[in-house]
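The values are calculated or read from the model by the stated rules, or taken from the named source; none is laboratory data. The model shown is predicted, which means the values in this text are computed figures rather than measured ones. Here Cβ is always computed from backbone atoms with ideal geometry, including for glycine, and neighbour counts include all displayed protein chains. Please note that ligands, DNA and RNA were not included when accessible areas were found on the heavy atoms of the full protein model with its side chains. Shrake-Rupley method; radii C 1.70, N 1.55, O 1.52, S 1.80 Å.
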Amino acid sequence: MNTVLSRANSLFAFSLSVMAALTFGCFVTTAFKDRSVPVDIHVSKVMIKNVDDFTGPRERSDLGFVTFDLSANLQPIFDWNVKELFLYLTAEYTTKSNALNQVVLWDKIVLRGENTKLNLKEVKSKYFFFDDGNGLRANKNITLTLSWNVVPNAGILPLVMGSGHKSLAFPESYEAAKSY
Amino acid sequence: MLSMFKSIPTHMDYKGQKLAEQIFQGIILVSAVIGFIYGLFIQQFGWTVYIMLAGFTVSCLLTLPPWPMYRKSPLSWQPAIPETSGENRDKPQENQSQKKKKHK
């Protein structure tokens with residue numbers, strides 16, 4: 001501690017250690033919070049086509065088109081340890097060939113400081129809703145849920161499901177749109 | 001250019017060093033507690049970091065330059081004994097130890 005550099009070294013190292021302890025404290029204050037909020041999903045239009053599946057073997061598979069509305073208030077999730085939310089809409093269903101199918105139709109990143117009241121209308125799906133086979137036609141129960149991945153400043157990244165889902169049925173024949 | 005910086009005296013005596021260490025540790029810890037509580041209150045971690053940086057800057061200004069308060073109790077060295085040729089005969093042990101040091 002006799003020279004400026006030695007003192008600067010001690011001071012800087014001490015500050016970094018204290019900063020690390022503060023970051024751990026930030027993590028501890030929000031580690032056990034429940035980050036689920038109610039979500040309202042409404043579907044306006046559903047249609048299927050039977051096309052060649054370019055992502056897999058050359059067979060004709062069902063391709064679904066869903067147009068939906070989303071509304072949720074995400075403000076209670078944002079605390080001092082949340083940097084951003086990665087939202088994604090999942091469709092979950094059962095077919096004769098597969099017991100469980102989960103497809104992500106749409107996603108969005110909500111940064112801290114952006115508008116946290118989600119109120120989207122007439123949104124088309126962002127990603128292709130291909131089925132592994134022909135299980136979408138006349139499928140009675142397809143459940144849409146909105147989930148999100150919480151990206152924190154310090155700590156674990158949990159996957160949280162919003163409370164609220166929408167079950168819908170696909171039409172009986174191809175190229176026939178069903179409105180709700 | 002570097003020799004100009006190296007020639008500025010930056011030393012502190014031992015009690016001054018202890019005082020400097022206590023001062024900066026105290027300031028950093030106090031600003032950490034204040035920053036944590038304020039950040040928790042307004043739910044923004046950015047403010048915690050800003051308050052910590054402010055504490056760091058204040059500590060830098062207070063402890064890095066060698067202020068006079070850190071030089072208040074200097075070590076009292078013995079007065080220097082002037083070296084003459086007569087010294088070599090009177091203190092042979094010192095001479096031998098000096099020789100050993102020179103060999104190294």
- Message: Which of the numbered conditions does A:Asn81 fail, given that it passes all the others? Conditions: (1) over 17 Å from A:Ser163 (Cα atoms); (2) within 14 Å of chain B (Cβ to nearest Cβ); (3) within 15 Å of the chain's Cα centre (by Cα); (4) not aromatic (Phe, Trp, Tyr).
- Response: (3)
- Query: Restricting the search to region A:24-40, which residues are more than 8 Å from chain B (Cβ to nearest Cβ) and within 20 Å of B:Gly55 (Cβ to Cβ)?
  - Reply: A:Phe24
- Task: Count, please, the residues in region B:20-59 that happen to be closer than 28 Å to B:Phe5 by Cα and open to solvent by less than 30 Å² (accessible area, probe 1.4 Å).
- Result: 5
- Item | Filtered residues of region A:32-52 (kept if hydrophobic (A, V, I, L, M, F, W, C) and surrounded by 13 or more Cβ atoms within 10 Å (Cβ to Cβ)) | A:Val37, A:Val39, A:Ile41, A:Val43, A:Val46, A:Met47, A:Ile48, A:Val51
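Assess whether A:Asp34 counts as being modelled with pLDDT under 90 and either of a type in the set (Ser, Thr, Tyr) or within 30 Å of B:Thr48 (Cα to Cα) (or both). I'd like the intermediate steps shown before the answer.
Working: modelled with pLDDT under 90: yes; either of a type in the set (Ser, Thr, Tyr) or within 30 Å of B:Thr48 (Cα to Cα) (or both): yes.
Considered against the rule, which asks whether it is modelled with pLDDT under 90 and either of a type in the set (Ser, Thr, Tyr) or within 30 Å of B:Thr48 (Cα to Cα) (or both), A:Asp34 comes out as yes.
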- Task: For B:Ile81, indicate whether it is surrounded by 13 or more Cβ atoms within 10 Å (Cβ to Cβ) and more than 9 Å from chain A (Cβ to nearest Cβ).
- Result: no
- With the condition kept exactly as written, say whether any residue in region A:96-116 is of a type in the set (Val, Ile, Thr) and buried (at least 18 other Cβ atoms within 10 Å of the Cβ). yes
- Item | Complete set of residues in region A:119-146 that are farther than 23 Å from A:Arg60 by Cβ and surrounded by 18 or more Cβ atoms within 10 Å (Cβ to Cβ) | A:Leu144, A:Thr145, A:Leu146
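Can you go through A:Leu74, A:Leu70, A:Leu105 and tell me which one is touching a residue at least 40 places away in the same chain (Cβ under 8 Å), away from chain B (no Cβ under 14 Å) and over 22 Å from B:Gly39 (Cα atoms)? First the steps, then the outcome.
Working: A:Leu74 fails: over 22 Å from B:Gly39 (Cα atoms); A:Leu105 fails: touching a residue at least 40 places away in the same chain (Cβ under 8 Å).
The unique qualifying residue is A:Leu70.
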- Task: Scan region A:137-150 and give yes if some residue there is of a type outside the set (D, E, K, R) and at pLDDT below 85, otherwise no.
- Result: yes
- Among the numbered conditions (1) of a type in the set (Val, Ile, Thr); (2) open to solvent by 60 Å² or more (accessible area, probe 1.4 Å); (3) in contact (Cβ under 8 Å) with a residue 60 or more places away in the chain, tell me where A:Val28 comes up short. (3)
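Please tell me if B:Pro66 is within 11 Å of chain A (Cβ to nearest Cβ), assigned to a loop (DSSP other than H, G, I, E, B) and within 17 Å of A:Asn9 (Cα to Cα).
Numbers: within 11 Å of chain A (Cβ to nearest Cβ): yes; assigned to a loop (DSSP other than H, G, I, E, B): yes; within 17 Å of A:Asn9 (Cα to Cα): yes.
Taking the combined requirement at face value, the residue satisfies it.
Kindly indicate which of B:Met52, B:Met12 is within 9 Å of chain A (Cβ to nearest Cβ) and at pLDDT 90 or above.
Numbers: B:Met12 fails: at pLDDT 90 or above.
Testing whether each residue is within 9 Å of chain A (Cβ to nearest Cβ) and at pLDDT 90 or above leaves just B:Met52.
Condition check ((1) out of contact with any Cys (no Cβ under 7 Å at 6 or more places or on another chain); (2) acidic (Asp, Glu); (3) at pLDDT below 90) across all residues:
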{"position": "A:Phe12", "(1), (2), (3)": "yes, no, no"}
{"position": "A:Ala20", "(1), (2), (3)": "yes, no, no"}
{"position": "A:Thr23", "(1), (2), (3)": "yes, no, no"}
{"position": "A:Cys26", "(1), (2), (3)": "yes, no, no"}
{"position": "A:Ile41", "(1), (2), (3)": "yes, no, yes"}
{"position": "A:Ser44", "(1), (2), (3)": "yes, no, yes"}
{"position": "A:Asp62", "(1), (2), (3)": "yes, yes, yes"}
{"position": "A:Val66", "(1), (2), (3)": "yes, no, yes"}
{"position": "A:Pro76", "(1), (2), (3)": "yes, no, yes"}
- When residues of region A:53-78 are limited to those that are assigned to a strand (DSSP E or B) and surrounded by 20 or more Cβ atoms within 10 Å (Cβ to Cβ), the one farthest from the chain's Cα centre (by Cα): A:Ser61
